[in-house]
Amino acid sequence: MLFSKPQSVLGIDLGAGGIKLVELKKEKNRPVLFTYGITSMRQDVHHLVKNDKTAEDLVKKNSEQIKKEISTAETLQESEVNKYAEVLKLVCQKSRTVAKQAIVSLPVSAVFHALVTLPIVKKEEFPGILKAEVKKLLPRPLDEMALDYQILPTNPDKKNQQVVLINAVPKNLVALYTQIFRQAGLVLEALEPESTALERSLIGRDTAVSMIIDLGAERTNFFIMDQAVPITHHSIEAGGHRVGEILSRSLDLPEAVVDRLKIDLCHPESQKLVRDHLSRERFVTLFNGLFDPILKEIEYSFELYLRQSGNENKRPEKVILTGGIAVLPYLSEIIAEKFKLKCYVGDPWARVVYQDSLKPLLNQIGPRMSVAIGLALRNMV
């Protein structure tokens with residue numbers, strides 16, 4: 001008992017741009033990096049959950065056709081599950097992971113997120129009142145959703161009310177993830193929204209109002225954090241793939257060359273080279289199709305948040321960038337200048353112990369690993 005083995009856990013992010021995996025061990029109450037893995041394979045595991053709607057869409061068809069199409073959908077889903085399970089198993093093998101317990105991210109597109117204000121009632125009455133309120137808001141029947149909630153700190157001006165943060169996800173998505181991880185030889189310990197994982201790896205105990213912008217492969221997500229809690233999120237269809245499209249259209253290069261150029265462009269050591277050969281004005285003009293929607297969404301998100309009751313006198317202090325293209329040249333300084341606040345690329349490794357010799361490599365891949373690191377930190381900080 002005095003020499004118990006250190007705790008170990010996997011944080012796994014199944015993103016559109018690939019799998020990101022981090023294994024941390026808890027030693028002397030500190031999270032220590034044991035191993036990590038990363039792929040660049042384009043994927044969309046989340047679309048599989050849509051197959052459950054097949055039966056609903058076949059109401060007007062004859063029974064034989066219904067059976068045939070449902071069977072096809074189930075076969076397709078089983079094939080895709082096997083594929084993702086094999087890739088996940090391979091990543092674990094190559095990374096030489098030890099832990100079998102995994103905490104996995106839920107994509108923003110799959111999570112229903114809302115704030116509801118409820119009266120303060122007796123403990124035994126709360127679940128019923130909460131479900132009645134949430135039932136009005138959910139896009140699907142309540143019995144089809146897995147519900148999680150968090151009661152936020154009480155506003156002193158509203159002593160008879162409480163604000164509850166709601167997260168709900170389709171139960172069939174939970175079942176799908178469970179199936180994939182079981183086939184990969186892993187135990188799905190918990191599913192968490194990406195926003196919660198990012199808060200843990202990039203915000204920590206900082207209670208200031210801030211925004212995290214996660215620039216993924218297909219989408220860019222905007223999360224406003226207040227008191228270290230993700231309060232709002234918005235999303236736009238713009239990310240790393242759009243950078244590739246812009247480069248391909250502007251330079252007329254083959255896809256393989258564009259993919260390599262995109263990686264080089266977002267490499268921290270390439271920043272000076274880009275700035276020496278391409279002025280800010282020319283760069284912004286070239287990537288205006290990405291920069292402009294991001295700036296507009298930041299403005300919209302802050303405006304919406306500050307209009308909410310109780311937020312009128314609050315002031316956002318910073319914007320933290322993360323994701324594969326977070327280090328895109330000029331992006332952070334343009335945001336900082338436009339909104340008159342600090343803007344920088346977050347360091348998700350800041351709360352993790354690792355060998356100094358790994359620092360250059362970890363800094364390079366850090367923005368892509370923020371969600372996976374935050375997941376692995378779940379029971380360690």
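The values are calculated or read from the model by the stated rules, or taken from the named source; none is laboratory data. On a predicted model such as this, the values are computed, not experimentally measured, just so you know. For neighbour counting, all protein chains shown are included, and Cβ atoms are generated from backbone atoms with ideal geometry for every residue, glycine included.
Data overview
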| quantity | calculated |
| --- | --- |
| Filter pass, Thr178 being part of a helix (DSSP H, G or I) and among the β-branched types (Val, Ile, Thr) | yes |
| Residue within the stretch 99-106 that is touching a Ser or Thr at 6+ places or on another chain (Cβ under 6 Å), farther than 21 Å from His234 by Cβ and hydrophobic (A, V, I, L, M, F, W, C) present | yes |
| Filter pass, Val163 being in a strand (DSSP E or B), without any contact (Cβ under 8 Å) to a residue 60 or more places away in the chain and hydrophobic (A, V, I, L, M, F, W, C) | yes |
| Search result, residues across the stretch 262-273 that are surrounded by 17 or more Cβ atoms within 10 Å (Cβ to Cβ) and either among the aliphatic types (A, V, I, L, M) or in contact with a His (Cβ under 8 Å, 6 or more places away or on another chain) (or both) | Leu265 |
| Inter-residue pairs, beta-carbon under 6 Å, first assigned by TED's automatic domain parsing to the domain that holds Glu245 and in the stretch 261-288, second loosely packed, with under 14 Cβ neighbours inside 10 Å, 6+ apart | Ser270/Asp264 |
